[in-house]
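The numbers here are math on the coordinates, done by the rules we state, and not lab data. Predicted model only: the values in this text are computed from it and were never measured. For neighbour counting, all protein chains shown are included, and Cβ atoms are generated from backbone atoms with ideal geometry for every residue, glycine included.
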Amino acid sequence: MQNPNAGHRERLRERFLNDGLDGFQDHEVLELLLFQCIPQKDTNRLAHNLLDKFGSLPGVLNAPVASLCEVKGVSKVTATNLAVLREIYFRYKLRIADQNLPLKVTDAVSYAQKVLTASNVERLLIFYFDHSSRIIARKMYCSNRIDTVDVSVKTLVADAIGYAAAGAILFHNHPGGKATPSKSDEEFTENLYMSLRGIGIVLVDHCIFSDNDVYSFKTTGKMDTLAEKYH
């Protein structure tokens with residue numbers, strides 16, 4: 001039996017090929033995505049249901065797999081296909097940024113901001129540099145949660161020793177929130193500063209990015225306070 005939605009799907013694909021997504025409504029964009037994992041089903045209603053539940057296209061794409069599966073008609077396979085899109089987008093942004101990977105500490109902030117503001121989950125990014133302020137390594141950590149990253153001070157210190165670093169600069173993001181550091185952010189920064197200082201390595205700054213703002217421990221004077229405390 002011929003798929004009753006075949007004509008609609010083909011028309012939507014042709015619109016995209018001819019004109020891109022500019023003339024598409026959000027539910028039509030979702031339909032295009034759903035076509036890939038739901039071969040024989042009316043995806044129009046499902047697209048509307050997803051938008052109704054999560055409020056917007058970004059809301060759908062940022063939703064956890066378990067929440068997506070709560071929508072009738074969304075299987076784990078479909079939910080996974082939707083969820084992987086945000087990670088593909090983040091990988092795309094990361095690879096674009098890597099084409100201009102910073103060589104100096106002074107260039108690290110703009111790089112980190114481009115990368116971390118593209119992420120919908122919290123990530124921690126740290127650069128290690130030598131005595132000439134030349135970046136020698138970059139590490140990123142992620143727990144796939146919106147409000148935390150599971151990485152220990154011990155891990156970062158061990159990396160710094162392994163790279164024979166002279167210093168480090170730390171970044172992380174608060175997706176959907178404010179750039180202001182939490183108490184745990186401040187405690188983590190102090191513990192890392194103290195641990196690195198104890199082995200002769202300098203933590204230059206810790207910057208936190210939100211969607212539209214940035215907070216710098218150095219600019220606000222908190223790095224100077226730590227320097228005085230652990231002199």
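Roughly how big is the stretch 128-231's charge dipole about its Cα centre, with Cβ charges of +1 (Lys, Arg) and -1 (Asp, Glu), in debye to the nearest 20? Mind dumping the intermediate values first?
Numbers: 11 positive and 13 negative charges, 43 e Å.
Roughly 200 debye, rounded to the nearest 20.
If you add up the charges near LEU57, with Lys and Arg at +1 and Asp and Glu at -1, over every other residue whose beta carbon is less than 13 angstrom from its beta carbon, what do you get? Write down the numbers at each step before the final one.
On the way: positive: LYS53, ARG86; negative: ASP26, GLU28, GLU31, ASP52.
Once positives and negatives cancel, what remains is -2.
Which Cα, out of PHE217, TYR111, TYR89, lies furthest along the positive dipole direction of the chain (beta carbon charges, K/R +1, D/E -1)?
Among PHE217, TYR111, TYR89, the one farthest towards the positive end of the dipole of the chain is TYR89.
May I ask you to sort CYS37, CYS207 by Cβ crowding, counting other Cβ atoms within 10 Å and putting the fewest first? Please list the in-between numbers first.
Values: CYS37 15, CYS207 22.
So the residues, fewest neighbours to most, are CYS37, CYS207.
If I model a spin label at HIS8 and ALA164 as a point 7 Å from the Cα along the Cα→Cβ vector, what separation in nanometres do I get?
Computed distance between label sites HIS8 and ALA164 equals 6.5 nm.
Arrange the following residues from fewest to most other Cβ atoms within 10 Å of their Cβ: SER75, SER119.
On the way: SER75 12, SER119 22.
With the fewest neighbours first, SER75, SER119 line up as SER75, SER119.
Would you mind working out the magnitude of the charge dipole of the chain relative to its Cα centre, with +1 at each Lys and Arg C-beta and -1 at each Asp and Glu C-beta, to the nearest 20 Debye?
420 debye
If the label point is 7 Å along Cα→Cβ of ASP19, which residues in the stretch 28-66 have backbone nitrogen under 19 Å from it?
Correct set: 28-33, 44.
Just going by the charge dipole of the stretch 1-70, with Lys and Arg at +1 and Asp and Glu at -1 on Cβ, which of CYS69, LEU17, HIS27 is farthest out on the positive end?
Farthest towards the positive end: CYS69.
Mean Kyte-Doolittle of at least 0.0 plus a Cα span of 30 Å or more along the axis: flag which DSSP H helices in the chain meet both, please. Before the final figure, lay out each step's value.
Values: long enough: 76-98 (32 Å, 0.05).
TM-like helix candidates: 76-98.
Viscosity 1.002 mPa s, temperature 20 °C: what is the translational diffusion coefficient of the stretch 101-229 from Stokes-Einstein with a Kirkwood Rh over Cα pairs, rounded to a whole number of µm²/s?
Details: Rh = 14.5 Å.
For these conditions, the coefficient is 148 µm²/s.
Alpha carbons only, please: Rg and Dmax for the chain, in angstrom.
Using the Cα atoms of the chain, the pair Rg, Dmax is 22.1, 78 Å.
Could you tell me the center-to-center distance, by alpha carbons, between the stretch 86-102 and the stretch 152-205 in angstrom?
23 Å
Return HIS231, HIS27, HIS174, HIS206 ranked ascending by Cβ neighbour count within 10 Å, so the fewest neighbours appear first. Write down the numbers at each step before the final one.
Numbers: HIS231 6, HIS27 18, HIS174 21, HIS206 27.
Going from sparsest to densest Cβ surroundings: HIS231, HIS27, HIS174, HIS206.
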